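Shown next, in structure tokens, is the structure this report addresses.
The values are calculated or read from the model by the stated rules, or taken from the named source; none is laboratory data. Predicted model only: the values in this text are computed from it and were never measured. Using ideal geometry, Cβ is built from the backbone for each residue, glycine included, and neighbour counts are taken over all protein chains shown.
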Amino acid sequence: MKLVKALGSVGGLTLVSRVLALVRDSLAARYVGAGFASDAFNGVAFRLPNMFRALFAEGAFSAAFIPLFNKKAAGEGGLPAGYDFAERALAVLLPVLILFTLILIAAAWPVTWALSGGFARQNPSAEQFAFAVTLSRITIPYLALISLASLLGGILNSLDRFWVNAAAPILLNVAMIAGLWFFHGADEYQTARVQAMSVTIGGALQLLWLIWACKRAGVSMTLKRPRLDKDVRELLRLIVPAAAGAGASQINLLISTALSGWLLASGSITYIYYADRLNQLPLGLIGIGLGTILLPTISRMLSKGEDAAAMETQNRGIELALFLTLPATVAFLIVAEPIVRGLFQYGRFTADDAMRCGWALSAFSIGLPSYVLVKVLTPGYYARGDTKTPVRYAMLSILINIIGNLAMIPTLGHIGPPLATALSSTVNVAMLYRTLVRRGHFAADAGLRRRLPRLALAALIMGVALWAGEDLLDPWLTGAMVQRYVALALLVGAGVALYGLASFVTGAYRLSDIKALMRRKSAT
């Protein structure tokens, strides 16, 4: 099994993308700050493309398309049969996306109102709300671009070219960084408009990159007349429930943002957005990478009748997910505010903004293991053609999120939405895990049972050390940009080193485990 090697390539490129995203967000905090302009972009104009990317590109379409593509490619027709199915899917997908994009552009006003709760607490002027609608119209074409890219990326993932698809988001971040650095305006409103334009330009670059990569891989796609044949109907039947199942956390975040716009003061959406972006760093590095790799891997194993190998793969996936997310969870709980200060407290983003954003990050981090485990557990359903069970659990988690928001926002303010999101995601994971176990599709093996409590202890040891050493780096975190990045690098590096050492001290990993891993890598 090449799970670690594949995760290394996908995770490494995803890490590059997420680091660039932090640079992008740092520039946005500097030039836009935390006010209505930033809330309009982060809460609506950029939220919609991000949600659609998670629901469709990283969730529903991949979950439905990849098993069907692999089934066709593994049959008598081989890869040509798989490519033929992809062409028929594209023929239906393209006109639907064009129509959907035009409808959303025309309906941008009610869409903006729904996503923001009308910014009721902020009481924007007619000109301000019209500005938010304009930002939405500029970014809406990204939805079609990323959806087409997801089809091509799904083909490349099925061909084990994971790195190509993982590299695509880098182009979006490069486009947005270039826009902020070279074309930021005289005020936050002009800069927010530049941000919106950069999103659509970045989407076009991603699609062009994947078209080029497909041609290099020998994948040639031609447009056909749309036809709802049996295979395409099966694809569409699987997409709808998979969207809610794979994207429950995004739907929860969307609801939280709308309620925040409705009930909270100016800047709250921006605090939640930046906290979510930091929380998404380990999620993007680990969860999305693992989900991308596990779905085609498990579906191929099951199609060959290798059920035991599929279960072993999922055990190692959970082990890797928690090995990498537990220390991030502890770090975000203990040193959230220093991290936010070092990254965002600059220019228009004040010390008070950093403090409030740090509170939101700590609340989000409580659910970080569950956000990642959703990505690891759902392939166990999708690879078996079951997209209905995850959607039932997702709907229940969304209901819990809504209730949690309404209960906690009046008492906890902007901390309520992140905390409600974390709680609902944890409930979702518990239901997914329990059902897989009950059906006999998953059982924690001896290695997983032995390591998990030791990993948790190692993360706690690291957390205590970070808390004790926080004051040493604190003066550097509000200095010049180079000082900030050096301090953050030292903080992260010390945390990684301490966690690695603690993992050996607690016996979570032993020298024999490393030697076994190296032997497997040299054999592949």
Here is a list: Ala243, Ala275. Which entry is more than 14 Å from Pro379 (Cβ to Cβ), crowded, with 24+ Cβ neighbours inside 10 Å and modelled with pLDDT under 80? Ala243
Apart from one, (1) part of a helix (DSSP H, G or I); (2) touching a residue at least 24 places away in the same chain (Cβ under 8 Å) all hold for Gln483; the odd one out is (2)
Go through the residues of segment 423-442 one by one and say whether even a single one is in contact with a helix residue (DSSP H, G or I) (Cβ under 6 Å, 6 or more places away or on another chain) and more than 30 Å from Leu302 (Cβ to Cβ). yes
Confirm whether Thr524 is closer than 30 Å to Gly267 by Cα, of a type in the set (Ser, Thr, Tyr), surrounded by fewer than 17 Cβ atoms within 10 Å (Cβ to Cβ) and modelled with pLDDT under 90. no
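With Glu306, Glu312 as the choices, which residue is of a type in the set (Asp, Glu), at pLDDT 80 or above and surrounded by fewer than 24 Cβ atoms within 10 Å (Cβ to Cβ)?
Details: Glu306 fails: at pLDDT 80 or above.
That would be Glu312, the only listed residue that is of a type in the set (Asp, Glu), at pLDDT 80 or above and surrounded by fewer than 24 Cβ atoms within 10 Å (Cβ to Cβ).
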Would you check if Pro410 is touching an Asp or Glu at 6+ places or on another chain (Cβ under 8 Å) and either in the same structural domain as Phe323 (by TED's automatic domain parsing) or among the aromatic types (Phe, Trp, Tyr) (or both)? no
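Determine which member of the set Leu102, Leu68 is more than 25 Å from the chain's Cα centre (by Cα) and either of a type in the set (Lys, Arg) or at pLDDT 80 or above (or both). Full working, then the answer.
Working: Leu68 fails: more than 25 Å from the chain's Cα centre (by Cα).
Exactly one of Leu102, Leu68 is more than 25 Å from the chain's Cα centre (by Cα) and either of a type in the set (Lys, Arg) or at pLDDT 80 or above (or both), namely Leu102.
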As an exercise: evaluate Met355 against (1) touching a Lys or Arg at 6+ places or on another chain (Cβ under 9 Å); (2) surrounded by fewer than 23 Cβ atoms within 10 Å (Cβ to Cβ); (3) closer than 30 Å to Ser299 by Cβ and give the number of the one condition it does not meet. (3)
For segment 172-190, which residues satisfy the criterion of being in contact (Cβ under 8 Å) with a residue 12 or more places away in the chain and part of a helix (DSSP H, G or I)? Leu172, Asn173, Val174, Ala175, Met176, Ile177, Ala178, Gly179, Leu180, Trp181, Glu188, Tyr189
Which is surrounded by 21 or more Cβ atoms within 10 Å (Cβ to Cβ) and at pLDDT 80 or above, of Thr292, Thr325? Thr325
Among the residues of segment 434-447, the number that are buried (at least 17 other Cβ atoms within 10 Å of the Cβ) and among the hydrophobic types (A, V, I, L, M, F, W, C) is 2
Which condition does Arg193 not pass, out of (1) in a loop (DSSP other than H, G, I, E, B); (2) modelled with pLDDT of 85 or more; (3) charged (D, E, K, R), if it passes all the others? (1)
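Has segment 435-443 got any residue that is in contact with a Leu (Cβ under 7 Å, 6 or more places away or on another chain), part of a helix (DSSP H, G or I) and within 25 Å of Ile400 (Cα to Cα)? Talk me through it step by step, then tell me what you get.
Within segment 435-443, the first condition is being in contact with a Leu (Cβ under 7 Å, 6 or more places away or on another chain), and the residues that meet it are 436, 442.
Pick out the ones that are also part of a helix (DSSP H, G or I) and you get 436.
Still in the list and also within 25 Å of Ile400 (Cα to Cα): 436.
Checked segment 435-443: at least one residue is in contact with a Leu (Cβ under 7 Å, 6 or more places away or on another chain), part of a helix (DSSP H, G or I) and within 25 Å of Ile400 (Cα to Cα).
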Which numbered condition Pro417 misses (of (1) buried (at least 19 other Cβ atoms within 10 Å of the Cβ); (2) in the same structural domain as Pro369 (by TED's automatic domain parsing); (3) touching a Leu at 6+ places or on another chain (Cβ under 8 Å); (4) under 25 Å from Gly317 (Cβ atoms)): (4)
When you look at Pro80, is it under 22 Å from Val374 (Cα atoms), modelled with pLDDT of 75 or more and not β-branched (Val, Ile, Thr), yes or no? no
Would you tally the residues in segment 10-49 being crowded, with 18+ Cβ neighbours inside 10 Å and modelled with pLDDT under 75? 3
Which of the residues belonging to segment 219-230 are at pLDDT 80 or above and within 29 Å of the chain's Cα centre (by Cα)? Val219
Listed residues Met462, Met481; which is surrounded by 13 or more Cβ atoms within 10 Å (Cβ to Cβ) and either within 27 Å of the chain's Cα centre (by Cα) or not charged (D, E, K, R) (or both)? Met462
Residue within segment 459-480 that is in contact with a Phe, Trp or Tyr (Cβ under 9 Å, 6 or more places away or on another chain), of a type in the set (S, T, N, Q) and assigned by TED's automatic domain parsing to the domain that holds Gly117 present: no
Where in segment 328-398 are the helices (runs of 4 or more DSSP H), entirely inside, with at least 3 residues that are touching a residue at least 60 places away in the same chain (Cβ under 8 Å), within 30 Å of Met431 (Cα to Cα) and touching a Ser or Thr at 6+ places or on another chain (Cβ under 7 Å)? 368-377
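Test Leu159 against the criterion of being farther than 29 Å from Gly35 by Cα, surrounded by fewer than 20 Cβ atoms within 10 Å (Cβ to Cβ) and assigned by TED's automatic domain parsing to the domain that holds Arg193, and give yes or no.
Working: farther than 29 Å from Gly35 by Cα: yes; surrounded by fewer than 20 Cβ atoms within 10 Å (Cβ to Cβ): yes; assigned by TED's automatic domain parsing to the domain that holds Arg193: yes.
Against the criterion (farther than 29 Å from Gly35 by Cα, surrounded by fewer than 20 Cβ atoms within 10 Å (Cβ to Cβ) and assigned by TED's automatic domain parsing to the domain that holds Arg193), Leu159 qualifies.
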So if I check each of Ile103, Ile140, which one is without any contact (Cβ under 8 Å) to a residue 40 or more places away in the chain and either under 19 Å from Leu156 (Cβ atoms) or not charged (D, E, K, R) (or both)? Ile103
Being within 23 Å of the chain's Cα centre (by Cα), within 30 Å of Leu263 (Cβ to Cβ) and assigned to a helix (DSSP H, G or I), is that true of even one residue in segment 148-171? no
Given (1) charged (D, E, K, R); (2) at pLDDT 90 or above; (3) over 30 Å from Tyr189 (Cβ atoms), where does Glu58 come up short, assuming only one miss? (2)
For Leu406, which of the numbered conditions (1) assigned to a helix (DSSP H, G or I); (2) closer than 22 Å to Leu326 by Cα; (3) touching a residue at least 12 places away in the same chain (Cβ under 8 Å) fails to hold? (2)
Residue under question is Met431, and the condition is that it be in the same structural domain as Lys71 (by TED's automatic domain parsing) and either in contact with a Gly (Cβ under 8 Å, 6 or more places away or on another chain) or crowded, with 22+ Cβ neighbours inside 10 Å (or both); does it hold? no
